[in-house]
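First up is the structure itself, then whatever we jot down about it.
The values are calculated or read from the model by the stated rules, or taken from the named source; none is laboratory data. In this text, all values refer to a predicted model and were calculated from it rather than measured experimentally. All Cβ positions, even for glycine, are placed from backbone atoms using ideal geometry, and neighbour counts span all protein chains on display.
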2 protein chains.
Amino acid sequence: MSDTGITVKKSADFSEWYTETVLKSGLADYAPIKGCMIFREHSYAMWEKIQDVFNRKIRATGHNNVYFPMFIPEGFLKKEAEHFEGFVPEVAWVTQGGETPLEEKLAIRPTSETIMYATFAKWIRSWRDLPLKINQWCNIVRWETKATRLFLRTREFLWQEGHTVHATSAEAEKEVADILNEYRDLIESYLAIPVVVGVKTDSEKFAGALYTTTLEAIMPDGKALQMGTSHNLGQNFGKVFDIKFVGEDKQDHYVWQTSWGITTRLIGAIVMVHGDDKGLVLPPKIAPVQVVIVPIPYKGADPAAVAEKAREIYAALVEKGLSVVLDDREEYTPGWKFNQWELKGVPVRVEIGPRDVSKQQVTLARRDTFAKIAVKEDEAVEKVARLLEEIQHNLYAKARMCLEEKTSTVVNYDEFKKVLSEKGGFIKGSWCSSAKCEEKIKEETGATIRLRPFEKEKPVANCVYCGEKAVETVYFARSY
Amino acid sequence: MSDTGITVKKSADFSEWYTETVLKSGLADYAPIKGCMIFREHSYAMWEKIQDVFNRKIRATGHNNVYFPMFIPEGFLKKEAEHFEGFVPEVAWVTQGGETPLEEKLAIRPTSETIMYATFAKWIRSWRDLPLKINQWCNIVRWETKATRLFLRTREFLWQEGHTVHATSAEAEKEVADILNEYRDLIESYLAIPVVVGVKTDSEKFAGALYTTTLEAIMPDGKALQMGTSHNLGQNFGKVFDIKFVGEDKQDHYVWQTSWGITTRLIGAIVMVHGDDKGLVLPPKIAPVQVVIVPIPYKGADPAAVAEKAREIYAALVEKGLSVVLDDREEYTPGWKFNQWELKGVPVRVEIGPRDVSKQQVTLARRDTFAKIAVKEDEAVEKVARLLEEIQHNLYAKARMCLEEKTSTVVNYDEFKKVLSEKGGFIKGSWCSSAKCEEKIKEETGATIRLRPFEKEKPVANCVYCGEKAVETVYFARSY
């Protein structure tokens, strides 16, 4: 692996391209401990942007951030049987504190339902205490045994988990849908990644939920990536943890609950969907650096004039509220800087050379198309701002086309297998709704039902596997 | 314990008052697992404010946020012997992943020097890679065996840890001092808590550091609380982890390093320093809610007029950039609301009744002094803003007086013991600089040297313990 620059084409070896891009752009690094990763400043800054956007959304709808302990006594985790079975194979266990073996071993949270809900039972007494709507940003541990993939599969990752408690089933249903919509807006409008939305089948739902709603995106290699999930927990946990409230009717009722989450894998999705052979391509709304200014002091020309102009433009762009870097380091050449900032995916580069100064212009270079345009100095700020919007839209439009191109409809199993092996992507197929067909398809092809779409489409054929009467059209894919 | 309202006076039973105030104000709760706590929305929002303030400070000086794994292989922790010895008694160990015992047990980070520096060795090659200045906000585990005190001593807590790497000793020294100044500004100007600053003695310094600088505050019960520390690590870790760089002189050099941190115990300090018999009193700059508006609809009067006025004032205060709650819940009385918001420490309450409406005024109530003033409607926003500033200053001034009142100077050991038992607080005493005297004093009285002040004062007497010639004046205290 060369020290700088991506050596593999995205179209040639997607997996290797991904790893090189993540490492060389400075997004992340492998940790000196198996299965873990380091979120370097460039990716952590994107995570902070995601946090800002999502915090604004959920605060506006009355959710509050909190922090619960990461230790969960084994007994708690065991209370909801389905939940325990779903998570126990991947739990990291603390068994010793200082020199002393613990009496009961402690799970490091794989998710926080059980530790939180044991407390909710204490907090909730009356209908006046509802709804309870909280969220926490934290680290999560799931002891993966497969190979690490940066952002996509590591033993520790970061996420947000929302947990809400309601007096009625209808309110919980609405919450699940509202949050999925907020996720969709975050992912489509900010990350510029189009998704399809729907409900998981029973075999794919969250362990302990009534049902799970999901957002799924398609990656350039044809595999689906689950981008976020929003679960209706019904009264399952409420009954197990005895969370009851006295209603306005003076009667005791079990509560209705939801939980929902997105993780740092979203950063991996941004890399995969938008990146190119030169490295990252970041959507302006989520880019930690939106604009980089590179002064180009030619030999013979006055370097002070270029430097001064660069500082002026820098100040004007910052004033506009943009996130800007003025890269005036003397130990690197302009060419080296161009490559570095392209690798890091900065959406717009402003070049200022002696000729630009004399012509009272600056040169703008787009990261997404590599197009360069000269604009008048006094219009530069407006042009940059407009360009950022254009790039944001362009990235979404390109990804949307890719999603459409990678969505196929099949009418029988032969076609299903052919499309899956030749093209991958989402395969819309008719399904009889039997878990057995779902399982067989997974066994034989590795594809799972990613979702049952909210927008129902009548089955165009009989069940793609068994040939019996189909009930609905679902989305299949191989996935990360 | 009654359900609402503090039942113990702060002056009567400080410890019990503290616990009641934390629990009843909704700041925090005990977790259903020994030694751990839950940061509820009211305290987590304060932590987020602290994060905002401090992030702005360190970003302005070129530090970037990152995230490293929380698992540290035992072998790493062992590399720096003093560091290992200092932390190993309090480490929680993960020994099992899923069903499988781990080959090497993993510490949950008690601090991240070792895991980070193993990686720095890989990242740093040349002087061009320096300085490296990173920070991380994360959870930390230290397996305390003493009784839990909310915010002050729990097995898991939240903190910020900064880590920087420099080419020269002078740069590292400057960084340590600069950060301590930023902490001081955060704590004094935002949290309204005055501190004394200085250097820890060798026996109290961070395990593995060259020296530790500290900020110490005094609590109303006369015990000191360490508010933050900034360590000069010298080349200790650099040599152990082999972190070298090629200098401009083409030679290999070991790096110079610093680390520094503040924790969620700062929230405990805010409670202790400013709270009163009615509950929390929050400094406006750190209060999640700065202003609460309580409409008071008397019987017989037009409730619509009051409600409309309340909404107008609310909009105007929000427009001003303040954090405001309009408490127009119908299921609670105004009196109940007053108590609740006083308990939660909201700095200013705006009351609006029918008489206020008819007189085109509103009533402002200060949380710190309970003073009430009527102000004209069209001046309300300006008056509230000014009042918040006044409260901020008043809280600091009161705490400053308390600090001065609780600082004594003694000339011999009898006086030392008398002041310690009768009054507590900081005791300035002359010290011969021997670790033996320091240890004896700790053994016999429980007081430690909190710091050797930056502002040197000539010893006014011989060593307070041994009576030999003293070298300097230091601050003693019992501490949390």
Is there a residue in the stretch B:413-429 that is surrounded by fewer than 19 Cβ atoms within 10 Å (Cβ to Cβ) and among the aliphatic types (A, V, I, L, M)? no
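Looking at the stretch A:360-382, is at least one residue assigned to a helix (DSSP H, G or I), closer than 26 Å to A:MET272 by Cβ and of a type outside the set (Gly, Ala, Ser)? Reasoning before the result, please.
Start the filter on the stretch A:360-382 by keeping residues that are assigned to a helix (DSSP H, G or I), which leaves A:377-382.
In the following step, the residues that additionally are closer than 26 Å to A:MET272 by Cβ were identified as none.
No; the residues of the stretch A:360-382 include none that is assigned to a helix (DSSP H, G or I), closer than 26 Å to A:MET272 by Cβ and of a type outside the set (Gly, Ala, Ser).
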Name every residue in the stretch A:264-318 that is within 19 Å of A:GLU389 (Cβ to Cβ) and in contact with a Ser or Thr (Cβ under 6 Å, 6 or more places away or on another chain), in order of residue number. A:VAL289, A:GLN290
Search the stretch B:75-93 for residues being at pLDDT below 95 and touching a Leu at 6+ places or on another chain (Cβ under 8 Å), and hand back the single one that is farthest from the other protein chains (Cβ to nearest Cβ). B:HIS83
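Among the residues that make up the stretch A:103-113, is at least one of them in the same structural domain as A:SER25 (by TED's automatic domain parsing), among the charged types (D, E, K, R) and in contact with a Cys (Cβ under 8 Å, 6 or more places away or on another chain)? Steps first, answer last, please.
Taking the stretch A:103-113 and keeping what is in the same structural domain as A:SER25 (by TED's automatic domain parsing), we get A:103-113.
Now restrict to residues that are among the charged types (D, E, K, R): A:103-105, A:109, A:113.
Right, trim to in contact with a Cys (Cβ under 8 Å, 6 or more places away or on another chain) and you get A:109.
Looking for residues that are in the same structural domain as A:SER25 (by TED's automatic domain parsing), among the charged types (D, E, K, R) and in contact with a Cys (Cβ under 8 Å, 6 or more places away or on another chain), one finds at least one in the stretch A:103-113, hence yes.
Look through A:THR154, A:THR212 and report the one residue that is within 14 Å of another protein chain (Cβ to nearest Cβ) and either surrounded by 21 or more Cβ atoms within 10 Å (Cβ to Cβ) or modelled with pLDDT under 95 (or both). So that I can check it myself, show each step before the final result.
Details: A:THR212 fails: within 14 Å of another protein chain (Cβ to nearest Cβ).
Matching residue, one of A:THR154, A:THR212: A:THR154.
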Among (1) more than 22 Å from B:TYR44 (Cα to Cα); (2) within 20 Å of the chain's Cα centre (by Cα) - the single one A:LEU77 does not satisfy: (2)
Quick check on my filter: what residues within the stretch A:3-32 are surrounded by 20 or more Cβ atoms within 10 Å (Cβ to Cβ) and aliphatic (A, V, I, L, M)? A:ILE6, A:VAL22, A:LEU27, A:ALA28, A:ALA31
Among the listed residues B:ALA45, B:ALA31, identify the single one that is in contact (Cβ under 8 Å) with a residue 24 or more places away in the chain and either at the interface with another protein chain (Cβ under 10 Å from one of its Cβ atoms) or touching a His at 6+ places or on another chain (Cβ under 6 Å) (or both). B:ALA45
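Looking at the stretch A:193-311, what strands (runs of 3 or more DSSP E) fall wholly within it and have at least 1 residues that are among the β-branched types (Val, Ile, Thr)?
Details: elements: A:196-199, A:211-218, A:224-234, A:244-246, A:252-254, A:256-263, A:291-295.
So the answer is A:196-199, A:211-218, A:224-234, A:244-246, A:256-263, A:291-295.
I want to confirm something. Restricting to the stretch B:104-133 and keeping residues that are of a type in the set (Asp, Glu) and in contact (Cβ under 8 Å) with a residue 60 or more places away in the chain, which single residue is surrounded by the fewest Cβ atoms within 10 Å (Cβ to Cβ)? Break it down into steps so the answer makes sense when it comes.
Filtering the stretch B:104-133 for residues of a type in the set (Asp, Glu) gives B:104, B:113, B:129.
Filter again for in contact (Cβ under 8 Å) with a residue 60 or more places away in the chain, leaving B:113, B:129.
Numbers: B:GLU113: 31, B:ASP129: 15.
Among residues in the stretch B:104-133 that are of a type in the set (Asp, Glu) and in contact (Cβ under 8 Å) with a residue 60 or more places away in the chain, the one surrounded by the fewest Cβ atoms within 10 Å (Cβ to Cβ) is B:ASP129.
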Go through the residues of the stretch B:35-47 one by one and say whether even a single one is touching a strand residue (DSSP E or B) at 6+ places or on another chain (Cβ under 8 Å) and surrounded by fewer than 18 Cβ atoms within 10 Å (Cβ to Cβ). no
Residue check for B:ILE134: at pLDDT 95 or above, more than 17 Å from A:ILE33 (Cβ to Cβ) and more than 10 Å from chain A (Cβ to nearest Cβ): no
If we keep just the residues of the stretch A:66-103 that are free of Cβ contacts under 8 Å to residues at least 60 places away in the same chain and of a type in the set (Asp, Glu), which is surrounded by the fewest Cβ atoms within 10 Å (Cβ to Cβ)? A:GLU103
Could you say which residue among A:VAL381, A:VAL410 is under 22 Å from A:GLY222 (Cβ atoms) and in contact (Cβ under 8 Å) with a residue 40 or more places away in the chain? A:VAL410
Tell me, please, whether a residue that is more than 27 Å from B:THR100 (Cα to Cα), among the β-branched types (Val, Ile, Thr), in a helix (DSSP H, G or I) and more than 11 Å from chain B (Cβ to nearest Cβ) can be found in the stretch A:54-65. yes
